[in-house]
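Reading through the structure tokens given below for one structure.
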Amino acid sequence: MQRTHRMTEVSPADIGREIVIKGWVHKKRNLGGLVFVDMRDRSGFLQVLFDPETVSTAVYERAQGLHNEYVVGIRGVLQKRGGAVNEQLETGAVELRATDLILYSVAETPPFHIEEGSHTKEDLRLKYRYLDLRRPDLQRILMMRSKVTHLVREFLYKEGFLEIETPVLTKSTPEGARDYLVPSRIDNGKFYALPQSPQLFKQLLMVSGFDRYLQITKCFRDEDLRADRQPEFTQIDMEMSFADVDDVIGVNERLLQYVFKEAVGYDVPLPIPRLTYAEAMRRFGSDKPDLRFGMELIDISKVVAEMDFGAFKDTVADGGSVRALVVSGQADMGRKKVDKLVSFVRDYGAKGLFYIQLKEEGVKASFAKFLTEAEMQQIIDTVGAKTGDMVLIIGDADGVVCNALGNLRVHLAKELDLITDTGYRFVWITDFPLFEFSEEENRYTAMHHPFTMVADADRANFDVQKADAKAKAYDIVLNGYELGGGSVRIHEADIQQRMFEALGFSATEAKERFGFLLEAFRYGVPPHAGLAYGLDRLVMLLTGTDNIRDVIAFPKTKDASCLMTNAPDIVDTKQLEELGITVNSEEEE
């Protein structure tokens, strides 16, 4: 019995033909002696009719014994559906009148229903992920993932990119997130690292003359997880020789336009708008702004600096800023909800949150007693608030203000249903700082990585004026998510040496960490630039889910464990001895 069609590959044009389908029993119903079976495979559903008048007794009895999730093969003749057309199904106008049935395997009752939009607890679904993946909605997502990777390859192949694999076992370069380490059995006490990205190898491929490189590859980062992060993730990675910022952006705008058109029928308007990092932070408090709604941050530092209110005046005098959000129509928000907003911003480092509510009966403000009516009105006029609005204000160090208000802006938009734009709003963020100051390490670190080229205007003094130096770096942002990021790379030895020195690396340290790359650069390196997308995040946005675990076949939980396989797990003592590793017991610790 050879399968001739998947469930939704049949159509009214096939009526009268004998076909064979194979898949899972989704549901069975007995109606007046007739047995109806809804069959399911990755394409969708098809109703099958077993009529005791037209099938053998043996086949009819087998049909009566079917249960959900049995795996079967059915031969029959496609016919027009006997009852009303099911408009909810792609195959709702037809049904298969069975003539034969093969039972491939029986199934126990699953621990949860196999259904669209399951409300079963995620931990249980992840434990039985192979069952969870039978759900049509998850199957559609993974089929979209496959389609996207095909489209990316198809487009970039035509653009002259070559797909080249880079190593998975490589050298640890601890500058950034924590590495996953792999002990060596041959060289006890030494370790490989799983790649956080193929960065150094793709630069070496440019040295090798391959010109345009592509790879869809697994990467690994041992970091705290969030809803849109996993310890292992997939990158769409690319690099281009003899390229600058506009070259990379040009290729990738056409790539995004092609993928979104072919995958979901959406026309990405080109060119995609650009915002500098400074403007994005000033207007939205984020370097990944969601442009589907307004509610931009408003700097009122100059206005309040002259007012006799210490929380504002002193903040500005100390080099901080005071910024506001106008939340339309929320003048009557209750105290409990406001208190929750105060707690929210404290999670992002803010010491507090001030508010003004422009009620019909008058103005109510949490700091009214510290200002005159004229001063309060000056703030209201500056932010452009009107009756019925609420103004939220934070005064603190500039980075804290932007981070707290930027996150509050997104939080309020989701809570208050302000995102009415159902489309895709892309934006390039450019001109990132070259460095950022790490309070933990008490030094400047590379905002992206140590191989990012300094902006042309800052070449002379970037290693001295670190706080002001800009990078030739760019991110592509979609609906508040960073889809991908990249930069022009340093290809000049003197610039690279100055960069290492600016980051506090001695010549010896630089050689120990990156010696193989520096050695390669002695033999002629072209100017080059690149970009990498998070494939998981791209598919998440294309399919409309807000959980990145939905787009990965076998994801990890938030503590980086696999509930299905119980990984990570202990290993045999013999394996540890071969690796020269001793694990301390909890009692010894």
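The values are calculated or read from the model by the stated rules, or taken from the named source; none is laboratory data. Please read all numbers here as calculations on a predicted model, not as lab measurements. Here Cβ is always computed from backbone atoms with ideal geometry, including for glycine, and neighbour counts include all displayed protein chains. Ligands, DNA and RNA are excluded from the accessible area calculation, which covers all protein heavy atoms including side chains. Shrake-Rupley method; radii C 1.70, N 1.55, O 1.52, S 1.80 Å.
Numbers at a glance
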{"item": "Per residue value of the accessible surface for the chain (all protein chains in place, 1.4 Å probe), Å²", "result": "50"}
{"item": "Accessible surface of segment 322-367, 1.4 Å probe, proportion on carbon and sulfur as whole %", "result": "46"}
{"item": "Calculated FRET efficiency for the pair I570/N188, C-beta based, R₀ 22 Å, to 0.05", "result": "0.65"}
{"item": "Computed [θ] at 222 nm, deg cm²/dmol, the chain (DSSP H ≥ 4; -39,500 (n - 2.57); rounded to nearest 500)", "result": "-8500 deg cm²/dmol"}
{"item": "Segment 329-408 versus segment 248-280: alpha-carbon centroid distance in Å", "result": "35"}
{"item": "Relative contact order [Cα under 8 Å, 6+ residues apart], segment 223-314, whole percent", "result": "11"}
{"item": "Ranked packing of 374-382, 212-220, 398-406, most packed first, by mean Cβ within 10 Å", "result": "398-406, 212-220, 374-382"}
{"item": "Qualifying lysines (Cα of each under 22 Å from Cα of K351; at least 8 residues distant if same chain)", "result": "K302, K313, K336, K337, K340, K364, K369"}
{"item": "Difference of contour (0.36 nm per residue) and Cα-Cα distance, A311 to N461", "result": "50.4 nm"}
{"item": "Kirkwood Rh in Å, taken over segment 1-75 so that all alpha-carbon pairs contribute", "result": "12.7"}
{"item": "Segment 435-493, relative contact order [Cα under 8 Å, separation at least 6], %", "result": "29"}
{"item": "Packing-based order for 257-270, 556-569, using average beta carbon neighbours within 10 Å, highest first", "result": "257-270, 556-569"}
{"item": "Candidate residues V303, V37: accessible-area rank, largest first, probe 1.4 Å", "result": "V303, V37"}
{"item": "Contact order normalised by residue count of the chain, Cα under 8 Å, 6+ apart, percent", "result": "13"}
{"item": "Percent of beta bridges antiparallel (DSSP, segment 79-231, rounded to nearest 5)", "result": "80"}
{"item": "Lys, Arg +1 and Asp, Glu -1 on Cβ, resulting dipole of the chain about Cα centre, debye, nearest 20", "result": "1780"}
{"item": "For P(r) over Cα pairs in 10 Å bins from 0, in percent, calculated from these coordinates, the label among [x] 3, 15, 24, 24, 16, 9, 5, 3, 1, 0; [y] 3, 17, 28, 26, 16, 7, 2, 0; [z] 3, 13, 19, 20, 19, 14, 8, 3, 1, 0", "result": "[z]"}
{"item": "Projected label distance in nm at V77 and T420, using a 7 Å step from Cα toward the beta-carbon", "result": "5.6"}
{"item": "Fraction of accessible area attributable to carbon and sulfur, segment 425-511 (%, probe 1.4 Å)", "result": "43"}
{"item": "Equivalent-ellipsoid semi-axes of segment 1-41, from the Cα gyration tensor, Å, largest first", "result": "20, 14, 10"}
{"item": "Residue (of L162, Y104, V94) at the positive-pole extreme of segment 86-173, dipole from beta-carbon charges", "result": "L162"}
{"item": "Volume of the Cα convex hull of segment 97-256, divided per residue and given in Å³", "result": "249"}
{"item": "Percent accessible area from carbon and sulfur atoms, segment 11-127, protein chains only, probe 1.4 Å", "result": "51"}
{"item": "Heavy atoms of L392: accessible area, 1.4 Å probe, square angstrom to 10", "result": "0"}
{"item": "Extension gain, S301 back to A397 (0.36 nm per residue minus Cα-Cα distance, nm)", "result": "33.4 nm"}
{"item": "Of Y130, T545, P231, farthest towards positive along the dipole that unit charges on Lys, Arg, Asp, Glu beta carbons give the chain", "result": "Y130"}
